[in-house]
Structures are given as C-alpha cells and as structure tokens.
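*Asks:* Once you've had a glance at the structure underneath, I'll fire off some questions.
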Amino acid sequence: MTSSVLRVTLDQPFTDQKPGTSGLRKSSRQFETPHYLESFIEAILRTVPGVAGGTLVVGGDGRYGNRRAIDVISRMAAAHGVTRLITTTGGILSTPAASNLIRKHGAVAGIILSASHNPGGPEGDFGVKVNGVNGGPAPESLTDAIYACSQSLDGYRIVEAPAISLEAPGQHPIEALTVEVIDGVDDYLALMQQLFDFDQIGDLLRNNYPIAFDAMHAVTGPYARRLLEGLLGAPAGTVRNAIPLEDFGGGHPDPNLTYAHELAELLLQGDDYRFGAACDGDGDRNMILGRRCFVNPSDSLAVLTANATLAPAYSNGLAGVARSMPTSAAVDVVAQQLGIACYETPTGWKFFGNLLDAGRITLCGEESFGTGSDHIREKDGLWAVLFWLQLLARKRTSVAAIMADHWSRFGRHYYSRHDYEAIESERAHGLYDRLKGLLPSLADERFAGRAIATADDFSYTDPVDGSLTTGQGLRLLLDDGSRVVFRLSGTGTQGATLRVYLESYVPPSGQLQQDPQQALADLISAADALAEIRVRTGMEAPTVIT
Ligand code: G1P
Ligand code: ZN
C-alpha cells in the first residue's frame with residue numbers, strides 16, 4: 001500500500017502559539033487560519049514523549065471546531081505513528097472524563113479541545129489543551145517545549161483520508177492507526193459509582209427533593225442526564241440546557257452568579273428547589289447553590305474537607321489538601337483542626353499534579369469554581385455536585401444549614417473576586433508593573449486601617465520536585481489575617497483581565513451574617529486607591545464580581 005502521508009511546508013512558523021494557564025486558547029477564527037491548528041498539533045506530536053507506537057485520547061466540549069479538530073488530529077496522529085487513538089461519539093468528552101480515560105488506557109497524552117468557560121461558535125473561542133500521562137494538564141516544561149517547537153516549525157505531516165464517523169461507537173483504521181470511537185460517558189459514570197453511595201443519594205433525589213442542574217448547553221448535559229435523571233432517579237427536566245451546542249446557545253458557559261444567573265435566580269429568589277448546580281463548558285468547574293444560599297468555591301472546598309469521611313471514597317480520611325494561592329484560607333483552618341497538611345500553590349490545576357501523584361493530598365481546589373480529588377488529575381464539576389449531594393443525603397439538612405454550621409465551627413472567610421475584563425493590554429500591564437514596583441515600599445505601611453505584614457510577588461517551590469515558579473500574583477497580607485491579591489489572568493483572549501481577590505476572616509465568635517461585599521468594603525476601596533484601578537482602566541466597576 002502506498003502511504004498517503006502528506007508533507008505540508010509552512011512558509012513561516014506561527015510564533016504566537018504559547019500555551020497559557022490551560023492550553024492554547026484563541027478565537028475560533030484564529031484557529032481557522034490555514035495551517036494554524038495543524039502547526040500546534042504538529043508541535044505537540046513532535047514533543048510529547050512516546051507518540052510513535054503510543055495511545056492518544058482526544059475529545060472536547062462540543063464547541064464549534066471540535067469535530068474538525070478531531071479529524072485533523074486523527075489524520076496527523078496516523079502520520080506520526082500513533083497506534084491507537086481513543087475518541088468519543090459526537091467528539092463529546094468532558095475534561096475530567098478525558099483525564100480518567102488517559103489514566104485508564106495508559107495513553108501517552110490527551111488532547112482536549114476546549115476553551116473552557118469562554119463563549120464558543122465562529123465568533124467565540126477555541127482551545128487545545130494537552131494532558132500528560134498522569135491525566136493532568138501538561139507541566140510547564142512540556143508546554144514550553146511545545147511552544148519552542150512551534151516557533152521554528154517548517155511544516156507538518158498529515159494523512160490524506162476522509163474524516164471518520166463519530167456517530168456511533170466503532171473502530172476505524174487510518175493507515176496503521178486504529179481510531180476507537182467509544183461512548184465518552186460510560187467510564188466516567190463507573191468511576192463516580194466507585195466514589196459515592198448512589199443508593200443513598202438516589203434515596204434523597206427520588207423522594208421529593210427537587211434539584212436543578214444547569215449544563216449551560218455545554219459538555220456536562222449528557223453526563224448529568226445519565227447520572228442525575230438516570231442512575232439517581234431525579235425527575236426528567238432536572239438537567240436544564242442539557243444538549244451540547246456548538247455555540248452554547250449563545251451563552252457564556254461559566255458557572256458563576258453572573259453567567260449562570262437563570263439558575264441563580266431560581267435558587268436565590270425562588271423556593272422551588274432545594275439544591276442547584278452548574279458546570280462550565282468542558283465540565284471541570286462547578287457552582288453550588290442551596291435555597292437562598294450561594295456557596296463560595298473556597299468555602300465549598302473547606303466544607304468538603306471537613307465532611308469528607310461521609311463519602312465512601314474518603315471514609316478513611318484525607319492525606320492532605322491544597323488550594324491555589326488566591327483561594328481563601330477557609331480550608332487551611334479545617335486542615336489545621338484535622339491535623340493534615342495544607343499546601344498553597346500557584347493558580348492553575350497543573351500545580352496540584354505532583355502533590356496528587358505523590359499521595360500528599362487527597363482534595364484540592366481553586367476559588368475559580370474548581371474542586372477535585374485524587375480520583376483523576378483535573379478538577380471535576382460533576383464530582384463536586386455528587387459530593388455535595390452525598391453530604392445532603394447523609395446529613396438530611398439544607399445547604400444553608402451546612403454553611404451556618406461550618407462557619408460556627410471554623411469561622412468565616414469573607415471572600416470576593418473582582419474581575420476587570422478586556423482592559424487594553426498596555427494599560428493593564430502598566431497598572432500591574434507600577435504596583436509591583438511599589439511592593440518594597442509597602443511593608444510596614446497601613447492599608448484599610450490595618451498594618452501590612454507582607455507585600456510580595458508570590459512564588460512557589462514545588463515540594464515534590466523542587467521546581468521554582470515565580471511571579472504568581474501580588475499579595476498584601478494584613479496583620480489581622482485579611483488579604484488582597486492582584487493578578488493578571490493567563491486565560492483571556494481579549495486584552496488583559498485584572499483579578500483582585502479580597503478576603504477577611506471573622507473567627508467563630510465574631511459577627512457572621514454579613515454580605516461579603518459589605519464585609520469587604522474597606523478592602524475594596526483601599527485596593528482601588530492603591531492600584532489606581534478606576535483611573536488607569538477607565539472602568540467604574542468590575543466586569544464580574546464573585
Ligand atoms: C483561571 C482561573 C484559574 C483556573 C484557570 C483554568 O485562570 O483563575 O484558577 O485554573 O482559569 O480554569 P486565570 O484566567 O485567572 O489565569
Ligand atoms: Zn473548564
């Protein structure tokens with residue numbers, strides 16, 4: 001048989017393919033530039049160890065560009081000697097389910113097609129994420145090597161062949177490569193059944209306990225339907241916006257109070273539901289709501305940690321926990337009382353990987369609606385939803401009561417994140433660099449009536465491999481335990497996004513029932529004055545407040 005491998009020459013390399021916090025994320029239009037996607041895939045296939053003769057897992061959140069990318073990757077994988085490529089019906093594969101498949105099948109890597117919670121469609125965003133053998137986001141050493149490869153690329157290899165059908169499970173050869181199309185939901189359901197007590201949760205959901213889950217027309221719809229309405233017996237219609245759409249129905253699949261406001265209104269203003277939850281585009285984020293109660297993600301991690309032994313998978317206790325630096329210290333207080341280790345890592349799930357692999361932590365999370373455990377190497381939206389349902393099924397109480405009880409035991413960390421999106425890049429960097437320059441002069445100054453104990457740019461030494469990561473966010477730690485952190489986002493695609501994280505702690509004996517924006521008002525105005533946010537951005541208010 002003559003080989004149909006085509007060698008395509010690039011006139012010049014694409015020099016802008018630097019992966020950010022979660023892979024290469026650009027506009028869909030950019031990805032449609034001739035050879036653009038192919039160039040990045042070539043860089044991946046040349047860089048990841050073990051590609052020739054290895055197994056790859058490929059799938060995505062169903063957004064515009066998903067199927068085309070699976071076709072391109074399959075044919076390029078064939079040209080690079082990959083033996084087995086596992087993909088899914090409809091190309092639908094959530095990020096946590098992909099992490100599970102990579103681990104289960106001993107794949108050399110996974111390529112996940114998603115721009116997470118960013119809008120999709122021809123005018124939206126697309127993204128390519130690379131996960132390593134452990135199922136987690138590729139470490140910086142690998143993404144740096146992929147970037148370096150892309151910068152000097154002179155061409156790529158691809159097999160000329162018709163696109164394989166993703167309509168049904170089956171096996172399709174492309175030269176020596178076998179493409180296996182499997183159901184992307186099955187294995188994930190089986191994993192969840194190992195972790196939680198489905199009889200107990202089903203008992204709750206079958207007996208007049210109405211809940212609402214919003215899949216936001218993104219990847220979790222098929223998973224949530226089979227889990228909640230299928231295995232757990234919740235009434236049909238429990239899962240809203242369950243059909244994945246290429247443009248997410250025009251929505252912004254980010255589960256927070258701004259973008260999941262329909263669900264938020266149902267729970268926070270109405271009385272019809274006892275519990276509500278939503279996940280993001282690729283299914284790794286979660287938002288948890290109770291009746292008239294929003295659970296802030298930092299608190300969610302703390303509550304799951306405090307109650308972990310109620311879930312079968314964690315009944316023997318936790319090895320330790322970790323949170324990203326901007327996440328509130330609510331979990332630290334719980335870890336201290338439990339006598340387990342608590343690690344503070346830079347933003348981005350990849351930093352949990354070594355701690356999970358080394359068995360140092362069992363649970364971890366980020367303030368950005370990400371929570372997960374050692375069952376995979378990604379954050380996992382539906383896992384968090386099931387974990388909360390497990391607590392509710394065991395405790396037979398409300399979400400609001402669980403929160404009140406938690407704060408009365410551990411104290412409360414008032415917390416909020418203010419995002420200023422799409423700032424003109426130079427302005428944002430100007431603001432940030434000025435603030436960074438001010439840090440040395442801030443030690444021993446006062447801020448919002450409190451003494452500044454530390455003013456620094458966060459850096460992290462990985463306790464497992466000793467690697468150092470610097471420049472992770474400007475922190476002002478105040479003497480009463482409150483803090484303000486400034487960071488520039490690594491995931492935006494338009495201009496720059498400034499994130500301001502605000503936190504103050506009230507011990508169990510303190511006043512506990514305040515609105516976070518009120519409780520943090522003095523920190524908010526002091527942060528604006530110090531960083532000159534309004535003046536320098538021209539924005540009167542944050543774009544998103546969580
Ligand atoms: C954001 C979140 C971060 C998360 C990442 C990927 O990154 O803040 O916690 O890991 O998305 O989901 P950022 O835009 O802040 O760099
Ligand atoms: Zn996501």
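*Asks:* How many residues are part of a loop (DSSP other than H, G, I, E, B) and open to solvent by 30 Å² or more (accessible area, probe 1.4 Å) when one looks only at segment 156-211?
*Replies:* Here the count works out to 16.
*Asks:* Does S373 meet the test of being under 30 Å from P222 (Cβ atoms), of a type in the set (S, T, Y), surrounded by fewer than 23 Cβ atoms within 10 Å (Cβ to Cβ) and away from ligand 1 (no atom under 15 Å from the Cβ)?
*Replies:* no
*Asks:* I'd like the full set of residues that are surrounded by 12 or more Cβ atoms within 10 Å (Cβ to Cβ) and in a helix (DSSP H, G or I), limited to segment 429-456.
*Replies:* Answer for segment 429-456, where residues must be surrounded by 12 or more Cβ atoms within 10 Å (Cβ to Cβ) and in a helix (DSSP H, G or I): H429, G430, L431, Y432, R434, L435, K436, L438, L439, L442.
*Asks:* Something else now. Please work out which one of (1) more than 16 Å from ligand 1 (Cβ to nearest atom); (2) open to solvent by less than 30 Å² (accessible area, probe 1.4 Å); (3) among the hydroxyl-bearing types (S, T, Y); (4) under 23 Å from the mean Cα position of the chain (by Cα) is the condition Y64 fails and give its number.
*Replies:* Condition (2) is where Y64 drops out.
*Asks:* Counting only residues that are in contact with a helix residue (DSSP H, G or I) (Cβ under 9 Å, 6 or more places away or on another chain) and within 19 Å of P297 (Cβ to Cβ), which one in segment 487-505 is surrounded by the most Cβ atoms within 10 Å (Cβ to Cβ)?
*Replies:* Among residues in segment 487-505 that are in contact with a helix residue (DSSP H, G or I) (Cβ under 9 Å, 6 or more places away or on another chain) and within 19 Å of P297 (Cβ to Cβ), the one surrounded by the most Cβ atoms within 10 Å (Cβ to Cβ) is E503.
*Asks:* Just one of (1) in contact with a strand residue (DSSP E or B) (Cβ under 8 Å, 6 or more places away or on another chain); (2) farther than 23 Å from L257 by Cα trips up Q514, so point out which.
*Replies:* Q514 satisfies all of (1) in contact with a strand residue (DSSP E or B) (Cβ under 8 Å, 6 or more places away or on another chain); (2) farther than 23 Å from L257 by Cα except (2).
*Asks:* Inside segment 506-527, can you point out the residues that are assigned to a helix (DSSP H, G or I), open to solvent by less than 30 Å² (accessible area, probe 1.4 Å) and under 27 Å from P255 (Cβ atoms)?
*Replies:* A519, L523, A527
*Asks:* Can you report the number of residues in segment 468-484 which are without any contact (Cβ under 8 Å) to a residue 24 or more places away in the chain and surrounded by fewer than 16 Cβ atoms within 10 Å (Cβ to Cβ)?
*Replies:* Count: 3.
*Asks:* Would you be able to tell me the number of residues in segment 101-131 that are in a loop (DSSP other than H, G, I, E, B), open to solvent by 10 Å² or more (accessible area, probe 1.4 Å), more than 13 Å from ligand 2 (Cβ to nearest atom) and under 18 Å from G59 (Cβ atoms)?
*Replies:* Result for segment 101-131: 2.
*Asks:* Take I243 and tell me if it is surrounded by fewer than 24 Cβ atoms within 10 Å (Cβ to Cβ) and modelled with pLDDT of 95 or more.
*Replies:* yes
*Asks:* Here's a follow-up. Would you please list the contacts, defined by Cβ atoms under 6 Å and residues six or more apart or on different chains, that run from a residue in segment 77-95 that is within 13 Å of V58 (Cβ to Cβ) to a residue that is hydroxyl-bearing (S, T, Y)?
*Replies:* R84/T55; R84/T178; L85/S74
*Asks:* Residue under question is L227, and the condition is that it be within 22 Å of A404 (Cβ to Cβ), open to solvent by less than 40 Å² (accessible area, probe 1.4 Å) and not in a loop (DSSP other than H, G, I, E, B); does it hold?
*Replies:* no
To keep it simple, each residue is scored yes or no on (1) part of a helix (DSSP H, G or I); (2) among the β-branched types (V, I, T).
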site	(1), (2)
V334	yes, yes
Y343	no, no
I361	no, yes
C364	no, no
S368	no, no
G372	no, no
I376	no, yes
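*Asks:* Another question, if that's okay. For segment 14-25, what are the residues that are under 22 Å from the mean Cα position of the chain (by Cα) and either away from ligand 1 (no atom under 16 Å from the Cβ) or open to solvent by less than 50 Å² (accessible area, probe 1.4 Å) (or both)?
*Replies:* Within segment 14-25, Q17, P19, G20, T21, S22, G23, L24, R25 meet the criteria.
*Asks:* A further question on this structure: Evaluate the following for W388: is it under 21 Å from P255 (Cα atoms), touching a residue at least 24 places away in the same chain (Cβ under 8 Å), touching a His at 6+ places or on another chain (Cβ under 9 Å) and not in a loop (DSSP other than H, G, I, E, B)?
*Replies:* Against the criterion (under 21 Å from P255 (Cα atoms), touching a residue at least 24 places away in the same chain (Cβ under 8 Å), touching a His at 6+ places or on another chain (Cβ under 9 Å) and not in a loop (DSSP other than H, G, I, E, B)), W388 does not qualify.
This table checks each residue for (1) under 27 Å from G59 (Cα atoms); (2) within 18 Å of the chain's Cα centre (by Cα).
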position: I211; (1), (2): no, no
position: R225; (1), (2): yes, no
position: L267; (1), (2): no, no
position: D271; (1), (2): no, no
position: F275; (1), (2): no, no
position: C279; (1), (2): yes, yes
position: N286; (1), (2): yes, yes
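*Asks:* Now a separate question. Please indicate, with yes or no, whether at least one residue in segment 275-298 is within 16 Å of ligand 1 (Cβ to nearest atom), open to solvent by 10 Å² or more (accessible area, probe 1.4 Å), of a type outside the set (D, E, K, R) and not in a loop (DSSP other than H, G, I, E, B).
*Replies:* Among the residues of segment 275-298, at least one is within 16 Å of ligand 1 (Cβ to nearest atom), open to solvent by 10 Å² or more (accessible area, probe 1.4 Å), of a type outside the set (D, E, K, R) and not in a loop (DSSP other than H, G, I, E, B), which makes the answer yes.
*Asks:* So the check is Cβ under 7 Å with 6+ separation or different chains; which pairs have a first residue in segment 8-33 that's within 16 Å of ligand 2 (Cβ to nearest atom) and a second one that's open to solvent by less than 40 Å² (accessible area, probe 1.4 Å) and of a type in the set (A, V, I, L, M)?
*Replies:* Once the first residue is within 16 Å of ligand 2 (Cβ to nearest atom) and sits in segment 8-33, its partners that are open to solvent by less than 40 Å² (accessible area, probe 1.4 Å) and of a type in the set (A, V, I, L, M) give P19/I146; G23/V128; G23/V130; L24/V128; R25/A115.
*Asks:* Also, quick follow-up: Do you know which residues across segment 411-428 are part of a helix (DSSP H, G or I), surrounded by fewer than 21 Cβ atoms within 10 Å (Cβ to Cβ) and in contact (Cβ under 8 Å) with a residue 40 or more places away in the chain?
*Replies:* If the condition is that a residue be part of a helix (DSSP H, G or I), surrounded by fewer than 21 Cβ atoms within 10 Å (Cβ to Cβ) and in contact (Cβ under 8 Å) with a residue 40 or more places away in the chain, then S425, R427 are the ones that fit.
*Asks:* Give D433, D456, D444 a once-over and let me know the one that is without any contact (Cβ under 8 Å) to a residue 24 or more places away in the chain and in contact with a helix residue (DSSP H, G or I) (Cβ under 9 Å, 6 or more places away or on another chain).
*Replies:* D456
*Asks:* Residues of segment 378-405 being within 13 Å of ligand 1 (Cβ to nearest atom) and open to solvent by 10 Å² or more (accessible area, probe 1.4 Å), which ones?
*Replies:* Once the filter is applied, which keeps residues that are within 13 Å of ligand 1 (Cβ to nearest atom) and open to solvent by 10 Å² or more (accessible area, probe 1.4 Å), segment 378-405 yields only K379.
*Asks:* Further, regarding this structure: I need the full set of residues from segment 26-40 which are hydroxyl-bearing (S, T, Y) and either loosely packed, with under 14 Cβ neighbours inside 10 Å or within 16 Å of V159 (Cβ to Cβ) (or both), in order please.
*Replies:* T33, the sole residue that qualifies.
*Asks:* If I filter segment 69-99 down to residues being within 16 Å of ligand 2 (Cβ to nearest atom) and open to solvent by less than 20 Å² (accessible area, probe 1.4 Å), which single residue comes out as nearest to Q17 (Cα to Cα)?
*Replies:* T95
*Asks:* Hey, any hits in segment 303-314 for a residue that's open to solvent by 10 Å² or more (accessible area, probe 1.4 Å) and on the phi > 0 side of the Ramachandran plot?
*Replies:* No, there is no match, as no residue in segment 303-314 is open to solvent by 10 Å² or more (accessible area, probe 1.4 Å) and on the phi > 0 side of the Ramachandran plot.
The values are calculated or read from the model by the stated rules, or taken from the named source; none is laboratory data. Everything numeric here is computed off the predicted structure, so don't read it as measured data. Heads up, the Cβs are rebuilt from the backbone with ideal geometry, glycines too, and the neighbour counts pull from every protein chain shown. SASA here: full protein model, heavy atoms, side chains in, ligands and nucleic acids out. Shrake-Rupley method; radii C 1.70, N 1.55, O 1.52, S 1.80 Å.
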